Amino acid sequence: MNSELSMNQALIEKLTKILEVNLDKEHFGVKELAKEANLSRSQLHRKLISISGMSTSRFIRNYRLKKAMAMLQDNSATASEIAYRVGFSSPTYFNSCFHDYYGYPPGEVKLRNPKILKDDDISENLKLADETKATSETSLVKKHPLRHRMVWINTFFIVLLGVISYTLYQNYKDTFTSELGLIITSEKSIAILPFKNLSNQKENQYFADGVAGSILNNLSKISDLKVIPSSSMEKYRNSNLSPLEIAKEVGVIYLLEGSIQKHSDSIRVITNLVHAERNEQLQSFVFDWEFKHIFDIQTKIALEIAKQLDIAIDPDKLETIKTPPTKNIEAYNLYLKGRFFWHRRTEEDLSKSIHYFKQAITLDSIYALAYAGLADAYYVMPFHVKVDRDSLFNLSKKYAEKALSLDYNNAAAHATLGSLLCYKDWDWEASEKELKLAIKLDPNYATGHHFYFDLLNTLGRNKEARKEIDLALKLNPNSYMMHIGSAYLYRNEGLFENAILEANMAKELNKDKFELGPDTVIMDCYKFMGMEDEAFAAWEESVKLNPNPDLELNIGRRHAFEKYGLKGFYKVTNDHWLKTGAAYENPVKMAQNYAYLGETEKVLTWLELAFKDHDSEIIGIKNNYTFNNLRQEPRFLALLEKLNLGDYE
């Protein structure tokens, strides 16, 4: 045992000496340390986990932070200068890591007097840890020390990681919702639970959802009333949570429950308005009417809720609520079917939604909502299906403009048009004008705030972008896409821990579907933090859910990572894409990979190709953390100028 302790101490001392020599080299990471120590990456990882409980990347980062603390206490340089001296590529990221490790920012070191851990303290701490571990080893472990040690260590860390991740997620969720005000504080806030379909035909669920959505749209037109979108309430379909628990989660005081039974030309609609905090039913309606009176039912429910909540409705808004969207009931029925399938976002369902919207327009050629539905369908399709983006964006713009020609006060159509002006036309000024108008027309329209956030994030106006995405999440707290947007913004700001927590919230909301977004953010953050093993683990998580993996590429990536780390991973990726032709479908991703490899010339070549091809991903380069090192590069700045994005202040 003493021999093993000596070997462990010798290894730690050897590693710290190597790190000392290479302290200011920001790219000196796991692969380089393993090579200098004459070990493979996996051997070094296993040894450090066994000795200290730390991964190699965390061991490196902690060493850099301890050296930084010593320099700060000696007052040898500014915090920014020290960040570079200890191998951090960004002072912002250094500040974040330092605060996470010590509990306060570098600027406060002079005001405090913490104990500095020197290199030999690390060895001593490891020695004590090993001595403690030695006293608890069983005879069975002594027979097979390495095998059993690794089994128990791996099991322990898997369980520990799960507990920590869940705890962090729950704590962050509570903090996040508290910060956004997602608690029951306003007497004028409501959410509509998914209406139950009591018809014999299950396919009539579209009608129940549509009626609930129409009531919600009417309520959204009422000033001073906070209304939660139906997309945030979908998770509560068939939920066992109490009304109070649901209301607390989405931040409202009132809930509207309902059920619908549709039979031939007649319908029965039952609604209950509930004060969630008091668990009190305030108002109940039962309508047994002919189907042709559906608009009157929806209007009456909305107006009675406003009356119950003591909200005065502006005369113009009242007129809008009372005006039927169409005089053709069957067109309305087809529109509801279109919206039902639109929400599902698969290729088949989006095609169905387009079919039903077009049928609705055939019956009513001036039906503004149906045109807006078509605009939305063509807009979202390229984000979910591999299709010609430009042609569909052109169709989306055409139908959004048609919808506005029929109803200029349609907030959703303005928001879609504003987003198209951003992603398709790169006309930032016109985009901002449309998005601001959408929000003015309907302050409760969470998607409007989300689209405006996208524009602000593109322009690098991060403070304003954070305000808009927080507002969007306040209105739609269970939106996967909005949490992903928030995670990317945190990443771009260098707030990597926040980004990881936000991405995990998105994963939780979308756990039954394969989406690259969350794991991509998590991988990026660990990569920028120098934690290559954790970054690779995040990629492996995404592979597990991918229904159509590229097996050849993934095998190559694993072998490359084992030998060369993330640089090998990205080199194999780009080489494979060049061989298969996929590179030309992903020019910005090619540039991002080359950025990590440090091949600036290739980064700029692929970004310029993306600009030439009018690839929509190119507009995000100004605020993308991946390209931070290019902020003084003339060709990069020239590209920003061509995009009319300006330079950096």
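The values are calculated or read from the model by the stated rules, or taken from the named source; none is laboratory data. All figures in this text were calculated on a predicted structure; none of them were measured in a lab. Here Cβ is always computed from backbone atoms with ideal geometry, including for glycine, and neighbour counts include all displayed protein chains. Note: areas computed on protein heavy atoms with side chains; ligands, DNA, RNA excluded. Shrake-Rupley method; radii C 1.70, N 1.55, O 1.52, S 1.80 Å.
For the structure I just gave you, tell me whether R558 is over 25 Å from the mean Cα position of the chain (by Cα), under 30 Å from L44 (Cα atoms) and part of a helix (DSSP H, G or I).
Spelling it out, R558 is indeed over 25 Å from the mean Cα position of the chain (by Cα), under 30 Å from L44 (Cα atoms) and part of a helix (DSSP H, G or I).
Taking only the range 265-295 into account, find how many residues are among the polar types (S, T, N, Q) and within 13 Å of Q308 (Cα to Cα).
Matching residues across the range 265-295 total 4.
When you scan the range 68-77, how many residues do you find that are surrounded by 18 or more Cβ atoms within 10 Å (Cβ to Cβ) and either under 22 Å from E36 (Cβ atoms) or of a type outside the set (A, V, I, L, M) (or both)?
1
Out of the range 260-308, which residues are open to solvent by 30 Å² or more (accessible area, probe 1.4 Å), in a strand (DSSP E or B) and farther than 23 Å from Q201 by Cβ?
N272, E280, Q281, L282, Q283, S284, F285
Please verify whether G556 is open to solvent by less than 40 Å² (accessible area, probe 1.4 Å) and touching a residue at least 60 places away in the same chain (Cβ under 8 Å), treating the condition exactly as stated.
Criteria not met by G556.
Please verify whether the range 78-93 includes one or more residues that are closer than 20 Å to L566 by Cβ, in a helix (DSSP H, G or I), open to solvent by less than 20 Å² (accessible area, probe 1.4 Å) and touching a helix residue (DSSP H, G or I) at 6+ places or on another chain (Cβ under 9 Å).
The answer is yes, given that some residue of the range 78-93 is closer than 20 Å to L566 by Cβ, in a helix (DSSP H, G or I), open to solvent by less than 20 Å² (accessible area, probe 1.4 Å) and touching a helix residue (DSSP H, G or I) at 6+ places or on another chain (Cβ under 9 Å).
Select from the range 623-649 the residues that are of a type outside the set (F, W, Y), within 26 Å of D575 (Cα to Cα) and touching a helix residue (DSSP H, G or I) at 6+ places or on another chain (Cβ under 8 Å) and list them in ascending order.
The answer is N624, T626, N629, L630, E633, R635, L639.
Which ones in the range 385-439 are of a type in the set (A, V, I, L, M), out of contact with any Asp or Glu (no Cβ under 9 Å at 6 or more places or on another chain) and open to solvent by 10 Å² or more (accessible area, probe 1.4 Å)?
L392, L395, L404, L406, A430, L437
Just to be sure before I move on: is V543 buried (at least 17 other Cβ atoms within 10 Å of the Cβ), in a helix (DSSP H, G or I) and not aromatic (F, W, Y) in the structure I sent?
The answer is no for V543.
Check the range 239-252 and report whether any residue there is touching a residue at least 12 places away in the same chain (Cβ under 8 Å), open to solvent by 40 Å² or more (accessible area, probe 1.4 Å) and within 11 Å of I192 (Cα to Cα).
no
Out of (1) open to solvent by 40 Å² or more (accessible area, probe 1.4 Å); (2) over 29 Å from T580 (Cβ atoms); (3) assigned to a helix (DSSP H, G or I), what's the single condition that is false for R466?
For R466, the exception is condition (1).
List the pairs whose first member sits in the range 303-320 and is farther than 22 Å from V252 by Cα and touching a residue at least 12 places away in the same chain (Cβ under 8 Å), whose second member is of a type in the set (V, I, T) and not in a helix (DSSP H, G or I), and whose Cβ atoms are under 8 Å apart, counting only residues at least 6 apart or on separate chains?
K317/I222
Residue by residue through the range 309-345, note down the ones that are assigned to a loop (DSSP other than H, G, I, E, B) and open to solvent by less than 60 Å² (accessible area, probe 1.4 Å).
L309, I311, I313, P325, T326, N328
Could you please give the count of residues in the range 529-540 that are hydrophobic (A, V, I, L, M, F, W, C) and open to solvent by 40 Å² or more (accessible area, probe 1.4 Å)?
The qualifying residues number 1.
Go through the range 371-398 and count every residue that is part of a helix (DSSP H, G or I) and either touching a residue at least 40 places away in the same chain (Cβ under 8 Å) or among the β-branched types (V, I, T) (or both).
Of the residues in the range 371-398, 8 are part of a helix (DSSP H, G or I) and either touching a residue at least 40 places away in the same chain (Cβ under 8 Å) or among the β-branched types (V, I, T) (or both).
I want to confirm something. Restricting to the range 238-265 and keeping residues that are modelled with pLDDT of 85 or more and under 26 Å from I329 (Cβ atoms), which single residue is farthest from the chain's Cα centre (by Cα)?
Q261
Here are the criteria: (1) β-branched (V, I, T); (2) touching an Asp or Glu at 6+ places or on another chain (Cβ under 7 Å); (3) farther than 26 Å from S365 by Cβ. Tell me which single one I484 does not satisfy.
The number of the failed condition is (2).
Within the range 111-130, does at least one residue satisfy the condition of being modelled with pLDDT of 80 or more, open to solvent by less than 70 Å² (accessible area, probe 1.4 Å) and at negative phi?
So far as the range 111-130 goes, no, none of its residues is modelled with pLDDT of 80 or more, open to solvent by less than 70 Å² (accessible area, probe 1.4 Å) and at negative phi.
State the number of residues belonging to the range 190-225 that are in contact with a helix residue (DSSP H, G or I) (Cβ under 7 Å, 6 or more places away or on another chain) and not in a loop (DSSP other than H, G, I, E, B).
Final tally of qualifying residues: 17.
Which members of the range 228-238 meet the condition of being open to solvent by less than 60 Å² (accessible area, probe 1.4 Å), out of contact with any strand residue (DSSP E or B) (no Cβ under 8 Å at 6 or more places or on another chain) and not in a helix (DSSP H, G or I)?
Matches in the range 228-238: P229 only.
Please go through the range 590-618 and pick out each residue that is open to solvent by less than 30 Å² (accessible area, probe 1.4 Å), without any contact (Cβ under 8 Å) to a residue 60 or more places away in the chain and among the polar types (S, T, N, Q).
Correct list: N593 only.
Given the criteria farther than 23 Å from E649 by Cβ, of a type in the set (S, T, N, Q) and crowded, with 21+ Cβ neighbours inside 10 Å, does N444 qualify?
When the stated conditions are applied, N444 passes them.
Being under 25 Å from N548 (Cβ atoms), open to solvent by 30 Å² or more (accessible area, probe 1.4 Å) and assigned to a helix (DSSP H, G or I) is the filter here, so list the residues in the range 483-525 that pass it.
Y488, N504, K507, E508, L509, T520
On the given criteria, is P587 open to solvent by less than 30 Å² (accessible area, probe 1.4 Å) and under 25 Å from the mean Cα position of the chain (by Cα)?
Answer is yes for this residue.
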